[in-house]
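Undergrad: Shown below is the structure under consideration.
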Amino acid sequence: MEKAIGMVEFNSIARGIYAADQMVKISEVEIVTASSTCPGKYIAIVHGDVAAVEDSVRIGERVAEEFFVDSIVIPNVDPGVFPAITGATMPGEIQAIGIMESFSLATMIICADQILKAAEIEPIELRLGNGLGGKAYFTYTGDVASVKSGTDAGEAIAKEKGLLVNSEVIPSPSELIVPSLL
């Protein structure tokens, strides 16, 4: 059974909560997160097998009506995406650090998936919208070559969509900055 992730973004918190409820009632999916984000939006992220996630996202899109912003479904998502979204990662060692920032929450999830699939990388955090004015960012670690390779893969997606804010690679991060990332 393949694992997939799906997300629906709403510009109404009330409709987002209602739609998230419908999404999990109709399909056999689990909620990764369902919460308000900046600026006054709501996201519902679910995971499960591909068909169930596709059904759940379609339900979310349909009941969103005029409050629909964006949606995604990623079949066979990298398993590192889930703990990164919930902030439950703790890399064994921080080597080089990659940071990618996007104007879109959905695009950032797609980029994070590709970054993790492109190279031997450990996720640190995938921050979606909260306190960011609706932007999103992903931090990750690995050796310098892997972080650069992952960053290139993520940049290609975000640039193609016109939603890349910036990306940085820090080859030898200061021990003083590392605690602020965890």
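The values are calculated or read from the model by the stated rules, or taken from the named source; none is laboratory data. Just so it is clear, the model here is predicted, and its values are computed rather than measured. Here the Cβ positions follow ideal geometry from the backbone for every residue, glycine too, while neighbour counts run over all protein chains shown. Protein only, heavy atoms only, side chains kept; ligands, DNA and RNA dropped before computing areas. Shrake-Rupley method; radii C 1.70, N 1.55, O 1.52, S 1.80 Å.
Undergrad: Out of the residues in the range 156-182 that are of a type in the set (Asp, Glu) and either assigned to a strand (DSSP E or B) or closer than 20 Å to CYS111 by Cα (or both), which is modelled with the lowest pLDDT?
TA: That would be GLU160.
Undergrad: Does VAL53 satisfy the condition of being of a type in the set (A, V, I, L, M, F, W, C), at pLDDT 95 or above, more than 19 Å from ARG127 (Cβ to Cβ) and within 17 Å of the chain's Cα centre (by Cα)?
TA: yes
Undergrad: Restricting to the range 132-169, name every residue that is open to solvent by 60 Å² or more (accessible area, probe 1.4 Å) and closer than 17 Å to GLN95 by Cα.
TA: Once the filter is applied, which keeps residues that are open to solvent by 60 Å² or more (accessible area, probe 1.4 Å) and closer than 17 Å to GLN95 by Cα, the range 132-169 yields ASP143, ALA145, LYS148, GLU168.
Undergrad: Among ILE99, ILE94, which is the only one that is open to solvent by 30 Å² or more (accessible area, probe 1.4 Å), in a strand (DSSP E or B) and touching a residue at least 24 places away in the same chain (Cβ under 8 Å)?
TA: Only one candidate qualifies: ILE99.
Undergrad: Can you tell me which residue among VAL57, VAL69 is open to solvent by 50 Å² or more (accessible area, probe 1.4 Å), in contact (Cβ under 8 Å) with a residue 24 or more places away in the chain, of a type in the set (A, V, I, L, M) and touching a strand residue (DSSP E or B) at 6+ places or on another chain (Cβ under 7 Å)? Break it down stepwise before answering.
TA: Values: VAL57 fails: open to solvent by 50 Å² or more (accessible area, probe 1.4 Å).
Exactly one residue qualifies, and that residue is VAL69.
Undergrad: Also: If you go through the range 116-123 one residue at a time, do you hit one that is without any contact (Cβ under 8 Å) to a residue 60 or more places away in the chain, within 27 Å of ASP55 (Cα to Cα) and either open to solvent by less than 70 Å² (accessible area, probe 1.4 Å) or of a type in the set (A, V, I, L, M) (or both)?
TA: yes
Undergrad: Just one of the numbered conditions (1) under 30 Å from SER12 (Cβ atoms); (2) among the polar types (S, T, N, Q); (3) in contact (Cβ under 8 Å) with a residue 60 or more places away in the chain is not true of SER167; which one?
TA: (1)
Undergrad: On to the next question. All but one of (1) farther than 20 Å from GLY133 by Cβ; (2) touching a residue at least 24 places away in the same chain (Cβ under 8 Å); (3) open to solvent by 40 Å² or more (accessible area, probe 1.4 Å) hold for VAL77, so report the exception by its number.
TA: Unmet for VAL77, out of (1) farther than 20 Å from GLY133 by Cβ; (2) touching a residue at least 24 places away in the same chain (Cβ under 8 Å); (3) open to solvent by 40 Å² or more (accessible area, probe 1.4 Å): (3).
Rundown of residues vs (1) under 17 Å from ASP70 (Cα atoms); (2) aliphatic (A, V, I, L, M); (3) at pLDDT 90 or above; (4) surrounded by fewer than 17 Cβ atoms within 10 Å (Cβ to Cβ), yes/no style:
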{"residue": "MET1", "(1), (2), (3), (4)": "no, yes, no, yes"}
{"residue": "MET7", "(1), (2), (3), (4)": "yes, yes, yes, no"}
{"residue": "PHE10", "(1), (2), (3), (4)": "yes, no, yes, no"}
{"residue": "ILE13", "(1), (2), (3), (4)": "yes, yes, yes, yes"}
{"residue": "GLY16", "(1), (2), (3), (4)": "yes, no, yes, no"}
{"residue": "MET23", "(1), (2), (3), (4)": "yes, yes, yes, no"}
{"residue": "GLU30", "(1), (2), (3), (4)": "no, no, yes, yes"}
{"residue": "ALA34", "(1), (2), (3), (4)": "yes, yes, yes, no"}
{"residue": "CYS38", "(1), (2), (3), (4)": "yes, no, no, yes"}
